[in-house]
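**Q** Below is one structure. I have some questions about it.
The values are calculated or read from the model by the stated rules, or taken from the named source; none is laboratory data. Model, not experiment: these values are computed from the prediction. Glycine gets a Cβ as well: all are built from the backbone with ideal geometry, and neighbour counts include every protein chain shown.
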């Protein structure tokens, strides 16, 4: 069995990264996650139900998220909606992934890589 700490350090798929980002500020239901992902990506990422719920199932299995036992606003919300929350392991995985992105950006900045530039002689 893989130790939990190692799971938090594995690279994330783009879908998992976006879901963890959406859950990093509050518990959300599936449609709320999809809306937040679209907003966070300025409309560039549109996650369908198949991708979302397939990812959610795998993320629950991996211990990155869990079903929340509370509703955000039970009087205004459909009681059938399932809310999800990020776990401590999910927070660690998100932090590790964001650090990886920061390191890549730092290398690109150090090399003064800009869109449209390419390696010479390739």
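**Q** Among the helices (runs of 4 or more DSSP H) contained in segment 1-71, which hold 2 or more residues that are out of contact with any strand residue (DSSP E or B) (no Cβ under 8 Å at 6 or more places or on another chain) and either at positive phi or at pLDDT 95 or above (or both)?
**A** Correct list: 14-23, 30-40, 49-62.
**Q** Scanning for something part of a loop (DSSP other than H, G, I, E, B), under 13 Å from the mean Cα position of the chain (by Cα), modelled with pLDDT of 90 or more and more than 15 Å from residue 34 (Cβ to Cβ), does segment 86-94 turn up at least one residue?
**A** yes
**Q** Find the residue count for segment 35-57, including only residues that are within 19 Å of residue 91 (Cα to Cα) and without any contact (Cβ under 8 Å) to a residue 24 or more places away in the chain.
**A** The number of residues fulfilling the criteria is 4.
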